[in-house]
Amino acid sequence: MDTPLLSTNTHRLGSHRVPAVYQVTTTSSGQVNRFRDPRYYQIGVLGTLLGYGIFALDFRVSLAEISVLILAAMTTQMICGRVFSVPFDPKSPLISALSLSLLARSGSLGLLSLTAVAAISSKFLIRRRGKHIFNPTNFGLVAVSLASGRVWISPGQWGSGAVLAFLVACLGMVVVHRSARSDVTWAFLASYGAILFGRAAWLGDPWAIPLHNLNSGALMIFAFFMISDPKTTPDTRLGRMSYAALVAVGAGLVHFVLFQPNGFIWSLICCAPFVPFIDRLCPGARYRWPERRTALSPGKLTSVHSLQPTLTGGTRMLNSESRLSHQEPHRRHLRRTLFVTLLLFGPLITVSGAQAFCGFYVSKADTKLFNRASQVVLVRDDDKTVLTMANDFRGDPDEFAIVIPVPTFIERGQIHVANQALIDHLDTYTSPRLVEYFDPDPCRRVEEMDRMLKSSAAELPASKRFRDDLGASLGVTIEAKYTVGEYDILILSAEESHGLETWLRRSGYQIPKGASAVLGSYLKQGMHFFVAKVNLKERSRLGFTNLRPLQVAYESPKFMLPIRLGMLNADGVQDIFIYTLTRKGRVETTNYRTVELPTGMEIPIFVREEFGDFYRDLFSTQVRKQGMRSVFLEYAWDMNWCDPCAADPLSSDELKGLGVFWLDRGSGRGQSREAFVTRLHVRYDQEHFPDDLRFQQTADRTNFQGRYVLRHAWQGDPICQGAKDYLSTLPARFEKEAQILAGLTGWKIARIRDRMNLGRPPATDTSDSWWQRLWKG
């Protein structure tokens, strides 16, 4: 049976007194039970979650990045251990490296390694009374992110599925129970949940919104694996629960007052310095990892597996003779660990650049393929935003009206009417595309000439009065009134939602049923309302036959797109295309998963004539696979070039027309590299997208495009063995293309095979002649 040994006797070692015996758990055979240490469970759970993220959720983290993080963490632990005379223990740096692999994203391996170095170093350098202050992973992420701006966290990568949140909670509970820190986890979740539901009750939002925010894998990861770190939380239960509530309040402030993503991370780094003060107010026994110890005889140290208490318990370092007697086993342990790590991960550390694609552009899948599709262009840098809304209204212009929540007051000079041709050009440039290859003659090496068929978007050729008296009686204030182009614009504020809804209805706006609750939520968030109608007289004078897009420029920390109001009168699902133009790199959603569409597949030649049907069915299939809870990435590229191009890149003047304010007009195409375009496609309804879309700009400049390849088979006489071998591979290749097409679109495989003429005798007989078979050796 297991026998715990416990002694509080002390003996003098050198000039210090150290405990003679520490608590240790042994088995009946006398062996130490190593798995008392909760770090083993944490490593197992984090590794499982990382594997799930890579293989099931397509995390954009490579084995090279994971390898760099592990090597940097291990090396830093080794160096700091030598400096501070602490034996090497691989468990803690491995936990930090796995945590960073789950959270940290960067286009630079060097910055990722620096993040790991900062994380591990903080444990040794930033301490108070023998206890490190910051959670290492949290500190490394924040420090390098602030210093470089090129390391970020993708909070939406886990999605919001309840199954995933439940899985993470169950796995995480193993860890927090093993480390006796479940109280801080549950206190944080309860506090943050109270903030979410309290805010929803105040705003009048449906419970679906806070439930969506709670069903977040990122939240569960933080609660079970970061805030619950036993080495950086207060020592008493009362202190830990108070600390958890403080972090939850800080996260709420970051999310809903500063309107920044990753509020948990920023709140934890700000609240961590308060832990020493909480420990002073509520003193308690300090947590220590279970360590293997054996008895000390006076004047002689027989076995020590860790000197961690020398940094956390107040006892200083052992004398040099003791250290030297135990350095060699630790050195051997260190060498074995580093050797295995290098052997497993070293070959994977390679930097892969963006691969160009040389092919022939054939066709594109633009927004015209989709019904009830709207287009929005968001130009964003710092807190400055230019929002361009393409009007898909069809009908009598006298009936057109639009009501859009905006985060701040809008002046006359901040409103502009844009040219629809700019959005059409951007749509064409970023559309998913069909490209084709032609196989060369297997018997003769032919140098292929790369060609691009470029197309450019064609340039498009260039009322009722508002009731001021009614607004005053209903608590509605018309803060500004403008005429911009063919539009009459109002900027409204209101005291309460029912008065605003009544005013809009009586002023001739067709407000859908249930709008009052959504309007009230926006009002309590301090938002104004941008209201536009067509001025028929101005429209006639200007001579435009189509309604041009409206542009609004404003400054606000809110980087979001309000979609809730537009879903109220929808008779089904809707599609929205969001084009973002930024300086740094890709834009992604923070409260929904951003998923790359399948791309680069070879598909049958006949799809060339059915590309529209192909892409519609492909997108619908991907939406079903994701449960209609994800935002899809269709294009991400530097505006300065493309390959292959569905249209010429936009010029600096065109980008300026869309609101890219940091470019100089007429500066030429070279400067367009400062504009990175991201195209997002969302299919949504109220059930699956209860909250507005919230975004963050990342430093990810990896090129991506939705492209699908037609590969034409070579046709000719098999006059050489290479041609015969090539032709013999075609049936398997065609079958593979058919299977891929069926998987992408859900089309019946029998129909695909019929269209490809599979199963019929080949046009050319590739078998050997009878005399070749006669003398073939």
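Each value in this text was obtained by applying a stated rule to the coordinates, not by laboratory testing. In this text the structure is predicted, and so the values were computed from the model without any measurement. Neighbour counts are summed over all protein chains in view; Cβ atoms, including those assigned to glycine, are modelled from backbone coordinates with ideal geometry.
Within the set K384/K584; K384/K524; K368/K736; K524/K558; K91/K231, which residue pairs have Cα atoms separated by over 20 Å?
On the way: K384/K584 14 Å; K384/K524 23 Å; K368/K736 30 Å; K524/K558 15 Å; K91/K231 14 Å.
In this structure, K384/K524; K368/K736 lie more than 20 Å apart at Cα.
Ranked from highest to lowest mean number of other Cβ atoms within 10 Å per residue, what is the order of the peptides 400-413, 517-530?
By packing density, highest mean first, the sequence is 517-530, 400-413.
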key: Label point at R60 placed 7 Å out along Cα→Cβ; residues across the stretch 625-641 whose backbone nitrogen lies under 20 Å   = 626, 629-641
remark   = The FRET efficiency for K513 and T48, from their Cβ-Cβ distance with R0 = 56 Å and rounded to 0.05, is 0.75
query = Once you put a point 7 Å from the Cα of C282 and another 7 Å from the Cα of F256, both along the Cβ direction, what distance in nm separates them?
reply = 2.3
ask   = Where does the charge balance sit around G612 when Lys and Arg score +1, Asp and Glu -1, over other residues with C-beta under 12 Å from its C-beta?
value = -1
key: K625-A480 pseudo-label distance in nm [points 7 Å out on the Cα-to-Cβ vector]   = 4.6
Built amide H within the under 5 Å cut-off of V631, gap 5+ = R593, T594, V595
ask   = Within a Cβ distance under 13 Å of F139, other residues only, what is the Lys/Arg minus Asp/Glu net charge?
value = +2
key: Förster-model FRET efficiency, 60 Å R0, R237 and C720, C-beta, rounded to 0.05   = 0.15
task = Describe numerically, in nm with one decimal, the distance between label points set 7 Å from Cα along Cα→Cβ at L758 and at A169.
result = 4.5
request  = Between A194 and L536, take the C-beta separation as r, use R0 = 45 Å, and let me know the FRET efficiency to the nearest 0.05.
outcome  = 0.30
ask   = Which pairs break 23 Å Cα to Cα here: K481/K533; K481/K537; K481/K656?
value = K481/K656
key: Size of electric dipole in the stretch 40-199: Cβ of Lys, Arg +1 and of Asp, Glu -1, about Cα centre, debye, nearest 20   = 520
ask   = For the stretch 171-249, what number results from the quotient of the Cα radius of gyration and 2.2 N^0.38 Å?
value = 1.14
